[in-house]
Amino acid sequence: MKLSKRAITALTVAVLAALPVIATAAVIVDAPVTANVATTSNPVYLNLGPGATTAEKLNFLSDASVGSHYSNYSFTISYVPGSGYTILTNVLEIVNSTGTNVPLYVYLNGTLPSGVSIYYSSSPITFDGSSLSGTELMPGTAIHVTTQDVYLAFWIQGSYAGGTIDLSLQWSE
């Protein structure tokens, strides 16, 4: 069976016209994407906040992984003497560098020692003498992050013996 030039041309055009459809279908994702990667290219990451330097100078915080763009972060909070409490405000921040205005849902995973609570806010957290301006992070609760950084503070009860806290960050749209 011999094909005419006209039939070969029509067949070639049909195959070439179908290629972009096949290639495009291979890259369409129709599901939420979750990232939990310990590299410096993560677009949503934990970073040292504006209060980290003060906390380190007062020997309350020992940063075990200096740098930025961490999805996994480990640091040590020293002991807190007495029966009062210590508050470390704006020690860490969650940064969204995705460039999107779509709210992201960020989960902080890890085990907090007894007597340690995390608070968060899209504006720098303040303490008025009795309470923090942020919202206490409850286990399993997502933090909604838009284009603003989210600041993290730590409320530490007195008589805390100190220890390492490992946090991992997971996010989705």
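The values are calculated or read from the model by the stated rules, or taken from the named source; none is laboratory data. Remember, it's a predicted structure, so these values are computed and weren't measured experimentally. Every residue, glycine as well, gets a Cβ built from its backbone with ideal geometry; the counts of neighbours run over all protein chains shown.
Points worth noting:
- Number of positions in the range 139-162 that are more than 16 Å from the chain's Cα centre (by Cα) and at negative phi: 7
- For TRP171, the conditions (1) assigned to a loop (DSSP other than H, G, I, E, B); (2) within 16 Å of TYR45 (Cα to Cα) are fulfilled apart from (1).
- Residue check for ILE165: β-branched (Val, Ile, Thr) and under 14 Å from the mean Cα position of the chain (by Cα): no
- The range 125-143 residues that are closer than 14 Å to LEU112 by Cα, paired with ones that are β-branched (Val, Ile, Thr) and surrounded by 15 or more Cβ atoms within 10 Å (Cβ to Cβ) (beta carbon under 6 Å, 6 or more apart): LEU137/ILE118
- Residue within the range 139-149 that is over 24 Å from ASN42 (Cβ atoms) and surrounded by fewer than 16 Cβ atoms within 10 Å (Cβ to Cβ) present: no
- Hits in the range 53-82 (condition: more than 14 Å from GLY162 (Cα to Cα), of a type in the set (S, T, N, Q) and either within 21 Å of the chain's Cα centre (by Cα) or modelled with pLDDT under 80 (or both)): THR53, SER65, SER68, SER71, ASN72
- The criterion of being under 17 Å from GLY51 (Cα atoms) and either at pLDDT below 85 or within 12 Å of the chain's Cα centre (by Cα) (or both) does not hold for VAL102.
- Hey, GLU136 acidic (Asp, Glu), more than 14 Å from the chain's Cα centre (by Cα) and within 16 Å of LEU167 (Cβ to Cβ) or not: yes
- Contacts under 7 angstrom Cβ, first residue in the range 72-100 being touching a residue at least 12 places away in the same chain (Cβ under 8 Å) and over 18 Å from LYS57 (Cα atoms), partner among the aromatic types (Phe, Trp, Tyr) and surrounded by 22 or more Cβ atoms within 10 Å (Cβ to Cβ), 6 or more apart: GLU93/TYR151; VAL95/TYR45
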